Amino acid sequence: MIRKLTPEELDAILASLDRERHFLYYSYLTSRKQNTVHYGQFTEQGELLGVLAFLTGLPFHAFSVFPAQKSFDFRAVLAFMKEQLDLPVEAIGNFIVHEQDMADLCDQIAFSTPPEKLLLMKHIHHQMLPSADPRVLRLGPADFGQIESMMKKLGTMAFTKEELDHPFFGVAGKEGLIAVGGYHIYSEDYVELGNIGTDAAFRRQGLGKMVCAELTRAGAAVSPNVYLNVFEENEAAIRLYQSIGYENVANQYIIQFVIPA
C-alpha cells in the first residue's frame, strides 16, 4: 500500500532518524516541512517500508528518499507520486542519498547522468577556525539584488529567495560583491552552509576561506551542529574546509534520474 503520510507518522520517523545518514530527508521533515509532501509504502500488516518525499519551490524536481527496509519499492512509489502530483513524463528528478542506501536503490533508478559522490562535512575542530577578517561583511536587504545576481553567475541551482532570510556574508570589490556565502538551513537544531562562491576573476586569493570561516562562526553561534556538502572531486574545497576544522561524516551520492511514463 502507498499513501500520503500523516503528521503523526512524520513525527514518529523524525524521532528515530539518523540525521547524518539521512541528511537531506531530515531537512524535509524539519526546516523544509511546510513545502514538502511525503508518500510512504507499507506492508499489508502496516509496517513502513520506505518514504519518497517531494519539495516544491525549486527550479528542478527535488525529491528525498528514506528506504526504511531493503524491500522498499522506489519505482512503485515514484510512479504513484507522478500521478498524484501530475509530474511531467520523462522529467528529471534529483535527490541525495547515503552510500549505504544507494547500494539498495541503484538497481531501481533510471539514472539520467552518472551519480556523483558528495561528502557531508561537519565542523569539529573549533580551534582551527581563523580569526574574523574585517573584509568579510554581513550583508543586508540592500545587497539582495547583488546576491541573486551572484547566484545566477555561479549557477547555484539550489538557491531560493527564501534563503535570503538567513544571514549572508560577502566581500565587496570596487564594482560589487566578489565573494559571497550563506546557508541552506539556519536553525538551533543544525546549520548547513550553502550558496558559497567567488567571482572567477578573484579566485585563489583566500576569499572563499574567509567567507566560509565567518559563516561557520556565525552558524556555531546558533547551533553546535554546523555542516556543509562538497563534491568528492573538489579536492581544493575539501582541503579548504579541513583547514578550518571540518571533517567528513558521511559519504553520499547526488542522483539525477528519469521520472518514467
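Values as computed for the structure displayed
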| quantity | calculated |
| --- | --- |
| Number of the exception - Asn195 against (1) modelled with pLDDT of 95 or more; (2) open to solvent by less than 30 Å² (accessible area, probe 1.4 Å); (3) within 30 Å of Ile109 (Cβ to Cβ) | (1) |
| Residues satisfying the stated conditions in segment 149-192, i.e. part of a strand (DSSP E or B), open to solvent by 40 Å² or more (accessible area, probe 1.4 Å) and either touching a residue at least 40 places away in the same chain (Cβ under 8 Å) or in contact with a His (Cβ under 6 Å, 6 or more places away or on another chain) (or both) | Tyr186 |
| Flag if Leu119 is touching a Phe, Trp or Tyr at 6+ places or on another chain (Cβ under 9 Å), over 30 Å from Cys212 (Cα atoms) and among the aliphatic types (A, V, I, L, M) | no |
| Any pair with Cβ under 6 angstrom, 6 or more apart, that starts in segment 68-88 at a residue that is over 9 Å from Tyr39 (Cβ atoms) and ends at one that is part of a loop (DSSP other than H, G, I, E, B) and aliphatic (A, V, I, L, M) | Lys82/Ile259; Leu87/Ile259 |
| Count of segment 200-239 residues which are outside any loop (DSSP other than H, G, I, E, B) and either hydroxyl-bearing (Ser, Thr, Tyr) or touching a helix residue (DSSP H, G or I) at 6+ places or on another chain (Cβ under 6 Å) (or both) | 5 |
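Here's the yes/no breakdown for (1) at pLDDT 95 or above; (2) touching a strand residue (DSSP E or B) at 6+ places or on another chain (Cβ under 8 Å); (3) among the aromatic types (Phe, Trp, Tyr); (4) open to solvent by 20 Å² or more (accessible area, probe 1.4 Å):
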residue	(1), (2), (3), (4)
Thr6	yes, no, no, yes
Arg21	yes, yes, no, yes
Tyr26	yes, no, yes, yes
Leu58	no, no, no, yes
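The values are calculated or read from the model by the stated rules, or taken from the named source; none is laboratory data. Just so you know, these numbers come straight off a predicted model, no measurement behind them. FYI the Cβ positions are ideal-geometry reconstructions off the backbone, even for glycines, and counts take in every protein chain you see. Surface accessibility is based on the protein's heavy atoms, side chains included, excluding ligands, DNA and RNA. Shrake-Rupley method; radii C 1.70, N 1.55, O 1.52, S 1.80 Å.
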